[in-house]
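Colleague: After the structure tokens below, expect a handful of questions from me.
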Amino acid sequence: MTTFRTAVESGDMAAAVALLADDVEFHSPVVHSPYRGRDAVAPILHAVATVFEDFRYVAEMDDGDDHLLVFRAHVGDRELEGIDLIHHDASGAIDRLTVMIRPLSALQAVAAAMREQLTGS
């Protein structure tokens, strides 16, 4: 089975989306309410692949159904670091994905770039 890390690192966002449960819950670092469902999360993952430059995972931790991936990237002139907190359901599908990004200036750059990608404004 393709792992989320392998899919993202290879730029295969379709494979990353295929790993999500139908009812996945995505907690964005930018918005208060989670996105629910694969169809709602897929465009976000595809946009991230465009917005993040020089994306790379730099550390990984595994604790049974919970997985943590530490990443670094750039958005414009802002360097960022963040984590993907991933929870797997009993079937192995990702049923919860939480992303955290720092510093605030980089998160603000991510928010602006993602808004542009997803809405064109």
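Colleague: From the residues in region 19-53 that are part of a loop (DSSP other than H, G, I, E, B) and not hydrophobic (A, V, I, L, M, F, W, C), which one is farthest from residue 74 (Cα to Cα)?
Modeller: 37
Colleague: While we're looking at this one, here's another question. Does residue 56 fit the bill of being within 14 Å of residue 19 (Cα to Cα) and part of a strand (DSSP E or B)?
Modeller: It is false that residue 56 is within 14 Å of residue 19 (Cα to Cα) and part of a strand (DSSP E or B).
Colleague: Just checking, how many residues over region 95-109 are of a type in the set (A, V, I, L, M) and touching a Lys or Arg at 6+ places or on another chain (Cβ under 8 Å)?
Modeller: 2
Colleague: Can you pull out the residues in region 71-88 that are more than 11 Å from the chain's Cα centre (by Cα) and under 26 Å from residue 105 (Cβ atoms)?
Modeller: 72, 73, 74, 75, 76, 77, 78, 79, 80, 81, listed by residue number.
Colleague: Going through region 32-58 one residue at a time, which ones are among the aliphatic types (A, V, I, L, M), at pLDDT 95 or above and either in contact with an Asp or Glu (Cβ under 8 Å, 6 or more places away or on another chain) or surrounded by fewer than 17 Cβ atoms within 10 Å (Cβ to Cβ) (or both)?
Modeller: 40, 58
Colleague: Which residue, of 26, 71, 4, is in contact with a Gly (Cβ under 6 Å, 6 or more places away or on another chain) and either within 22 Å of residue 117 (Cα to Cα) or touching a residue at least 60 places away in the same chain (Cβ under 8 Å) (or both)?
Modeller: The conditions single out 71.
Colleague: Let me ask something else. Just to be sure before I move on: is residue 16 among the small types (Gly, Ala, Ser), part of a helix (DSSP H, G or I) and within 10 Å of the chain's Cα centre (by Cα) in the structure I sent?
Modeller: Criteria met by residue 16.
Colleague: Note down all Cβ pairs under 6 Å where the first residue falls in region 80-94 and is within 11 Å of residue 68 (Cα to Cα), the second is among the β-branched types (Val, Ile, Thr), and they're at least six residues apart or on different chains.
Modeller: 82/101; 83/70; 84/99; 85/98; 86/94
Colleague: Considering only region 86-121, how many residues are buried (at least 16 other Cβ atoms within 10 Å of the Cβ) and in a strand (DSSP E or B)?
Modeller: 10
Colleague: Still on this model: Quickly run through region 16-28 and pick out the residues that are surrounded by 15 or more Cβ atoms within 10 Å (Cβ to Cβ) and either of a type outside the set (A, V, I, L, M) or at pLDDT below 95 (or both).
Modeller: Hits for region 16-28 are 25, 26, 27, 28.
Colleague: Does region 2-13 include one or more residues that are surrounded by 15 or more Cβ atoms within 10 Å (Cβ to Cβ), over 12 Å from the mean Cα position of the chain (by Cα) and farther than 25 Å from residue 108 by Cα?
Modeller: Yes, the conditions are met somewhere in region 2-13.
The values are calculated or read from the model by the stated rules, or taken from the named source; none is laboratory data. Worth saying up front: this structure is predicted, and the values here are computed from it rather than measured. Every residue, glycine as well, gets a Cβ built from its backbone with ideal geometry; the counts of neighbours run over all protein chains shown.
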